[in-house]
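Where a number appears in this text, it was derived from the coordinates with a stated rule and is not lab data. Just so you know, these numbers come straight off a predicted model, no measurement behind them. All Cβ positions, even for glycine, are placed from backbone atoms using ideal geometry, and neighbour counts span all protein chains on display.
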Protein chains: 4
Amino acid sequence: MKRIGVLTSGGDAPGMNAALRAVVRTGLSLDMEVYGITHGLAGLLDGEIEKMTWSSVGDILHRGGTILYSARSKRFLEEKWQDHAVTILKTFGIEGLVIIGGNGSFAGGLALAKRGIPVVGVPGTIDNDLGYTDFTIGFDTAVNTVLDLISKIRDTSTSHDRATVIEVMGRHCGDIALHAGLGGGADFILIPEIESDIRKLCMEVLKGKHAGKRHSLIIKAEGVELSTDEMVRTLEDVTGIETRAVVPGYIQRGGSPTGRDRMLASLMGGKAVRLLYDDEGSRAVGISGGKIISVDLEEALRIERPFNKEIFDLAVMLS
Amino acid sequence: MKRIGVLTSGGDAPGMNAALRAVVRTGLSLDMEVYGITHGLAGLLDGEIEKMTWSSVGDILHRGGTILYSARSKRFLEEKWQDHAVTILKTFGIEGLVIIGGNGSFAGGLALAKRGIPVVGVPGTIDNDLGYTDFTIGFDTAVNTVLDLISKIRDTSTSHDRATVIEVMGRHCGDIALHAGLGGGADFILIPEIESDIRKLCMEVLKGKHAGKRHSLIIKAEGVELSTDEMVRTLEDVTGIETRAVVPGYIQRGGSPTGRDRMLASLMGGKAVRLLYDDEGSRAVGISGGKIISVDLEEALRIERPFNKEIFDLAVMLS
Amino acid sequence: MKRIGVLTSGGDAPGMNAALRAVVRTGLSLDMEVYGITHGLAGLLDGEIEKMTWSSVGDILHRGGTILYSARSKRFLEEKWQDHAVTILKTFGIEGLVIIGGNGSFAGGLALAKRGIPVVGVPGTIDNDLGYTDFTIGFDTAVNTVLDLISKIRDTSTSHDRATVIEVMGRHCGDIALHAGLGGGADFILIPEIESDIRKLCMEVLKGKHAGKRHSLIIKAEGVELSTDEMVRTLEDVTGIETRAVVPGYIQRGGSPTGRDRMLASLMGGKAVRLLYDDEGSRAVGISGGKIISVDLEEALRIERPFNKEIFDLAVMLS
Amino acid sequence: MKRIGVLTSGGDAPGMNAALRAVVRTGLSLDMEVYGITHGLAGLLDGEIEKMTWSSVGDILHRGGTILYSARSKRFLEEKWQDHAVTILKTFGIEGLVIIGGNGSFAGGLALAKRGIPVVGVPGTIDNDLGYTDFTIGFDTAVNTVLDLISKIRDTSTSHDRATVIEVMGRHCGDIALHAGLGGGADFILIPEIESDIRKLCMEVLKGKHAGKRHSLIIKAEGVELSTDEMVRTLEDVTGIETRAVVPGYIQRGGSPTGRDRMLASLMGGKAVRLLYDDEGSRAVGISGGKIISVDLEEALRIERPFNKEIFDLAVMLS
């Protein structure tokens, strides 16, 4: 393979730029040409494609976001546009494609792979919601961002004897809540993987109150069924403790990637290009047991994320 | 004066602990006894009073929140409870009081001052909404916290060609929005001091769009009449640009104080005690033209905050 | 086992407090009594031992350093003092011991284990120099601290077209230099595991200069034979590029632990206590392939750290 | 005036980019042409001059360093080269010049002003060593950077019962040491403005030791006569307390500017251009009593920095 493309797609994640740098420079080191496609799969359909050089990925390793921009594409769900994408790639002579993104982007990639384009997926999403890999690029940064916010919120929460509910990202996967909850010493962690019981929560907060505990920190993934507003109201009504909600939202998506995310992104980006170089397509790169792996792209989309009960129980026990 | 009390009251602010440390250690250096009153004016009514030592304010200079806790007190609005507070202070032999807090706390202090208790107010609030002082303790930290958040949000906002509305604290005073807006390079700054015109805003965003600007950052104080939700909806409807809101909320209240807030708090805390030492009561400490000053407490509450049009215009011009 | 002790020893590392919290709370959850020994093995000899409660490890999860203090003990190298330590432990009725520290501390622990005291080692050191575990507690934080420093140094280094040599910690193990070098986009990484060739380094810097590269970042572990001063002098002499050294030193040891270090510390601390609970002694806890493991303590000290050539080569290739 | 130039010179400082942005955009807003001169006065001599646009200063407000690069120029000390600079400026049709830098850069500017070129100096240096202005751009950021380092160093220093000497920047002016020392709760602050007495220092450390104080933090400006190495040796010899030195060096020069530095830079950059627009030359912009001012450039170089004894005494009293 002599000419490959790379794009970032879906919700952006810190470390996407680091992955991109690794893709471009590994490709160039292997004497390939590397083309950057801006605005993800949508940009591919519009032919937003430009040749990348060694220096076009200089000074981006430590930057959040993605210099290739990202987007979600509705058109790409339709077969005719998927066919069109293949035409575009062929027109540019692009023989293989690296897609840095999450679930939806991988599904788009699979559609291309089924049309004969060698595609390698690199998991870039803060949610850590891909089952085939222990970690996704951006997750470690998001956890540390939330820990920093928790530490600020705790200052004011403690000073005012308040309960605070922090709603973090994670629609189907509670990993950000779980890891930031354990690391931040949250009193309660609510995640989609475990059914939440608001009555039990109120009871525990009350118990703490009677034991002299003056503030509580509850961390909750956005995917938890009970809405944050409702939870705040119920907590305040039942316990009589002033309760506030904080929803950091998009703050979690930004920031300079951590060392670990830069390392992960560099390793995964490099691996993805090597797979294409060896003419392996329809793969997804991951990390498992500390080792960089690759699995079949279709299987990667099928594997459900196992829930780490051990960490959840540890967090509960230590809190 | 041989025995003074100190309390933190109202919304907490980074640097309150630094001010507290200065009050206690300056008092001890002047051979006074210093009593800490926990939970603000509410705690005063309940006799939550304890003697402070040199080491009881050790290792707190850099911590957010307040080790004396804070609270708002409804009882304290009533005359009978204000009388009660005087009784409590006399019972403990406390001859003068330092109140670290904002508007409402100063008003409470004034009630005590009118009952003959020498009271000195130290402005601790992130809002910078006190008219008699150029800066309040906590404001500089809050601005830097918001700048850090803006920088994270910009990463993801740029990557997705989005408009983002960031709603920061400030009910009556737009200073956090103004300073963070200028410092963060916001495209638009909306504050209570200037009437907002959503039509003009939409027009400008559209203009930017046609000129090739792919993302916009709008920073808005919570005191702006138009609700953030409504603004997001209107922007999206009119401009067709995906628009998101971020409301950092209590995150802005926490965090380790900046160097400037520690300095300000140390100078102001020291000044407050010296005023009491010199038997001056009913004063508020401030900073004006780079110098630590004190003004009459009642007047301090009357002086309206002048709006800094020059900075607003500069921010608009540079953005 | 009903009564265990815990101490932190050797150079401190961020996350030691998180490990300590996990040890104490896991122990209490298993109905054990947990005694904290201050100042490491030295403190053990002096009987600096106090009972720990649930709340004595409250609010420490996110703090750098160690609330139990640490120390190195020369006395402990002598057999008679090792015997004395056993006497002390027996006097206090302490049946098992968790030692949080590095190489030297584990060696001390082994001396006690050989005298019949069940000892479990928890790897707390920023150096990542223990062969039996993929990661030590504190390493991830140190890498991120160095990345933050690199980012600051790069600002000024770039502005002045300078070469900068950053000397980071790591006497025998170059992992901090390696991971921070890859993550920070260093132009050159010098580590004890790979022989350094100053002539080649100068040649490469000169090559870069002629290709228009105006600044270079060289990251070097302290264990590299060539001294930093000499390297700076030679670089300046040969290349004519202004060269500066930065030695962050103890800055690398402090700071709030990252999410990953808190997680690692919590898991390892919990595991250590469970081993003692199950009457397993003379073990060292580690992480291998993403799983918490334990190995024989003596073996743990024997296993040499394998050098990760793959990461080194990737760093060289991407720079 | 229709065409102005701008350059950054001397040691770089966080906020130089923010000042540059304000210069360029204010100039363009006033319908002037703005030319950027790279590599300071040295680059001026070599004709490194390029036209700046609105977007050439986009996305730089929050970046450390200077996109125009900086340099020191020995040639510029000679009259013939100063004449040459005037020729260059005239060739480019540049009628006025903004110089962002410190003492030396202002002296260079004065040489040009004396040759008839309207020059305005903007104080960009972390040292805060210019007498005519209360603050220089970069100082606030440097203080906060040092505070962050102190907080990390304190973690490990406390854990090991050590004394630590931190040597910060400041050859003639101890302001970084003074402000970071007060804000960081240093036990001792040594600055060039106050004669240091190592015997007294040892005595005080010993006193603290006997009172149970287990660690000491000494912050010292680089301009203090006694070398840091010697101080460490003496302290260790006399007190028997393990003592370590940390020299953060160039770390203090980098980093994203604080809100205050961005504000100061924006105000000062804007003011500088307005002066040129009004045909006022040979001025230096500053801040005094909270207001942006300008003074005669020659006088600005003559005014000695007054030493703030009040802050020093407060720091000593509170520590």
Self-check item: For the range A:270-289 and the range C:44-112, distance of Cα centres in Å
Solution: 47 Å
Quiz item: Three principal axis extents, largest first, for the C-alpha atoms of chain B, in Å?
Solution: 70, 37, 33
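How much space per residue, in cubic angstrom, does the convex hull of the C-alpha atoms of the range D:82-191 take up? All intermediate terms of the calculation are to be shown ahead of the outcome.
Working: hull volume 12.4 nm³, N = 110.
Per-residue hull volume (Cα only) is 113 Å³.
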Quiz item: Inter-copy label distances at A:G240, 7 Å along the Cα→beta-carbon direction, one decimal in nm, shortest first?
Solution: 5.7, 5.7, 8.1
Practice problem: Could you tell me what percent of the DSSP beta bridges with both partners in chain B are antiparallel, to the nearest 5? | Solution: 20 percent
Quiz item: Which percent, nearest 5, of DSSP beta bridges in the protein assembly as shown are antiparallel?
Solution: 25 percent
Quiz item: Could you give the angle, 0 to 90 degrees to the nearest 10, between helix C:228-239's Cα long axis and the longest principal axis of the Cα atoms of chain C?
Solution: 10 degrees
Quiz item: Which whole-number percent gives the relative contact order of chain A, counting Cα pairs below 8 Å spaced six or more residues apart?
Solution: 24 percent
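Rounded to the nearest 500, what is chain A's calculated 222 nm mean residue ellipticity when only DSSP H runs of at least 4 contribute -39500 (n - 2.57) each, over all residues?
Working: 11 runs with 135 residues, N = 319.
The per-residue figure over chain A is -13000 deg cm²/dmol.
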Quiz item: Among the listed pairs C:K51/C:K271; B:K152/C:K220; D:K90/D:K114; A:K152/B:K209, which are separated by more than 25 Å between their Cα atoms?
Solution: B:K152/C:K220; A:K152/B:K209
Quiz prompt | Length-normalised contact order for the range A:140-253 - Cα pairs under 8 Å, 6+ apart - percent | solution = 39 percent
Quiz item: Using the C-alpha gyration tensor of the range C:159-217, what are the square roots of 5 times its eigenvalues, in whole angstrom, with the largest one first?
Solution: 22, 14, 9
Quiz item: Hey, which aspartates and glutamates would be in cross-link range of C:K207, C-alpha to C-alpha under 17 Å, not counting anything within fewer than 8 residues on its own chain?
Solution: C:D161, C:D187, C:D197, C:E236, C:D237, C:E242
Quiz item: To the nearest whole percent, what portion of all C-alpha pairs in the protein assembly as shown is separated by more than 58 angstrom?
Solution: 13 percent
Quiz item: By how many degrees, between 0 and 90 and to the nearest 10, does the Cα long axis of helix C:198-210 differ from the longest principal axis of chain C?
Solution: 50 degrees
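Tell me the GluC sites (Glu not before Pro) within the range C:248-314 that lie in a loop according to DSSP and have at most 11 other beta-carbon atoms within 10 Å.
Numbers: sites: C:E280, C:E298, C:E299, C:E304, C:E310; in loops: C:E280, C:E304.
For GluC sites (Glu not before Pro) across the range C:248-314 that sit outside H, G, I, E and B with at most 11 neighbouring Cβ atoms in 10 Å, the list reads C:E304.
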Exercise. Specify the angular offset, from 0 to 90 degrees and rounded to the nearest 10, of the alpha carbon long axis of helix A:16-29 from the longest principal axis of the alpha carbons in chain A.
Key: 30 degrees
Exercise. Shortest first and in nm with one decimal, please list how far the A:E299 label point sits from its counterparts in the other copies (point 7 Å along Cα→Cβ).
Key: 3.1, 8.0, 8.1
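With a cut-off of at most 15 other beta carbons within 10 Å, and DSSP calling the residue loop, which GluC sites (Glu not before Pro) in the range D:43-79 qualify? Please list them.
For GluC sites (Glu not before Pro) across the range D:43-79 that sit outside H, G, I, E and B with at most 15 neighbouring Cβ atoms in 10 Å, the list reads D:E78.
Can you give me the relative contact order of the range B:81-217 as a percent, contacts being Cα pairs under 8 Å and 6 or more apart?
Answer for the range B:81-217 is 18 percent.
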Exercise. Report, please, the projected area of the range D:19-140 averaged over directions, based on the convex hull of its C-alpha atoms, in nm².
Key: 7.5 nm²
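Using only the Cα atoms of the range B:141-253, build the gyration tensor, take square roots of its eigenvalues as a ≥ b ≥ c, and label the shape rounded, prolate or oblate: rounded if a/c is under 1.5, else prolate if a/b is larger than b/c, else oblate.
The shape class here is oblate.
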